[in-house]
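The structure appears right after this line, and notes come after that.
The values are calculated or read from the model by the stated rules, or taken from the named source; none is laboratory data. If you're wondering where the values come from, they're calculated on a predicted model, not measured in any experiment. Ideal geometry is used to build each Cβ from the backbone, glycine not excepted, and the neighbour counts take in all protein chains shown.
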């Protein structure tokens, strides 16, 4: 079940195994072995994978099957009606940026947001 969840979530968000491996800094073959069920990932991997996709580890391992996940067509339709952008619709660099942001601590997120605000202001001032 876990291996199927990993694959389903990855594919629904249009990531390759290599992209996930790069984000989580593991070998692609290691990640592939998780998806095929040959090996089981450790808790650190599960926590990092869950952060990338903004889901709970409980959902990932099947304890909380009711967690929202953007696979169901009705959820995707609802999100689009509300004007939200789905992860799968983002460009590669935007997805990578979001995934790395989600993996940071609250303090690092605040610092990163300040850095982005400064960069945005510099861009606006140069217009």
Pairing a residue in the stretch 97-116 that is more than 17 Å from residue 15 (Cα to Cα) with any residue that is outside any helix (DSSP H, G or I), where Cβ atoms lie under 7 Å and the two sit 6 or more apart in sequence or on different chains, gives 112/104
In the stretch 61-73, is there at least one residue being farther than 27 Å from residue 116 by Cα and at pLDDT 85 or above? yes
Answer yes if at least one residue in the stretch 104-125 is within 20 Å of residue 20 (Cβ to Cβ) and at pLDDT 80 or above, and no otherwise. yes
